[in-house]
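A short worksheet on the structure shown next.
Every read-out reported here was derived from the displayed coordinates using simple, explicitly stated rules and does not represent laboratory data. Keep in mind that what you see is a predicted model, and the values were worked out from it rather than measured. We place every Cβ from the backbone using ideal geometry, glycine too, and count neighbours over all the protein chains shown.
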Amino acid sequence: MTVQLKTLIDRSIRNMGSGVHPVVKESALEVIKRAYEEGIYVQISSGYRSFAEQNALYAQGRTKPGNVVTNAKGGQSNHNYGLAVDYFLVSDDGKRALWTVNAKWRRVAAIAKSLGFAWGGDWKGFVDYPHLEMMGGLSLRDLQNGKRPNLVSKVVKEEDEMLEEAVLVGAFPDIDDAELVCKRLQAPLFFRGGIPNKKVAKKLYVVGGTMNGLDKYADKLINLSGKDRAAVTKAVENFLK
């Protein structure tokens with residue numbers, strides 16, 4: 001069974017920790033959502049790290065068993081300031097971590113960069129493929145000196161992209177009536193089979209067809225339908241009076 005989006009989100013929130021910047025957190029979760037829509041299953045492995053946690057990670061492969069995974073001591077990583085996360089891919093069932101840097105991995109990086117992240121895979125020298133960060137124009141020295149970035153999220157909220165009003169036509173024979181409503185409202189027209197699978201408007205005027213299953217497309221539905229074509233036309237005429 002395919003891993004659920006909620007599972008990836010819940011795991012990632014837990015792994016990011018409470019110290020990650022709110023914009024970094026929101027943007028990282030958006031990366032997961034957008035990748036999931038493309039059939040790519042990604043999870044955040046880490047986010048905020050305290051100085052002590054960073055020092056313990058630095059010791060790995062040096063004074064402690066394991067491979068070297070970082071060149072940064074406590075205070076020398078953007079993770080220590082809540083501005084970075086690391087990601088990896090998971091198998092379709094969500095049970096195995098996949099660390100191969102392939103086309104899917106790079107696609108996740110591209111999605112992240114479109115949301116304002118810088119990707120460690122673009123670095124010269126110590127390339128860090130899992131790493132994503134948002135510095136807001138500041139340097140590590142700036143962070144060490146107490147400065148903090150003013151990050152602005154590029155995640156579009158559902159309520160921000162919703163239309164005030166829209167018209168939904170149930171069947172092609174009702175299109176003339178629907179276009180009259182569109183003209184009056186100066187609102188866009190959607191066909192029942194082509195409307196996006198999300199809320200599209202605060203008010204949705206339904207011209208023709210059934211109202212069943214339409215609640216998810218709008219905050220409020222206005223019924224301009226009827227038992228037949230004549231009833232639809234009558235409902236629209238009454239609305240336009």
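Potential lengthening of the chain between Q4 and F51 amounts to 13.6 nm, from the contour at 0.36 nm per residue minus the alpha-carbon distance.
With a Förster radius of 35 Å applied to the C-beta separation of L185 and D215, the computed FRET efficiency comes to 0.95. Altogether, the Stokes-Einstein calculation at 4 °C and 1.567 mPa s, with the Kirkwood radius of the range 4-135 over Cα pairs as Rh, returns a diffusion coefficient of 87 µm²/s.
For the range 5-144, the relative contact order is 23 percent, taking Cα pairs closer than 8 Å that sit 6 or more residues apart in sequence and dividing their mean separation by the residue count. Computed over all pairs of different Cα atoms, the Kirkwood value for the hydrodynamic radius of the range 158-240 is 12.4 Å.
Here the chain carries DSSP beta bridges of which approximately 40% are antiparallel, counting only pairs with both residues inside.
Divided by 2.2 N^0.38 Å, where N counts the residues, the Cα radius of gyration of the chain comes to 1.40.
For I9, the shell of other residues with beta-carbons less than 12 Å away shows a net charge of +2, using +1 for Lys and Arg and -1 for Asp and Glu.
Using C-alpha pairs under 8 Å with a sequence gap of at least 6, the mean separation divided by the residue count of the range 158-240 gives a relative contact order of 31 percent.
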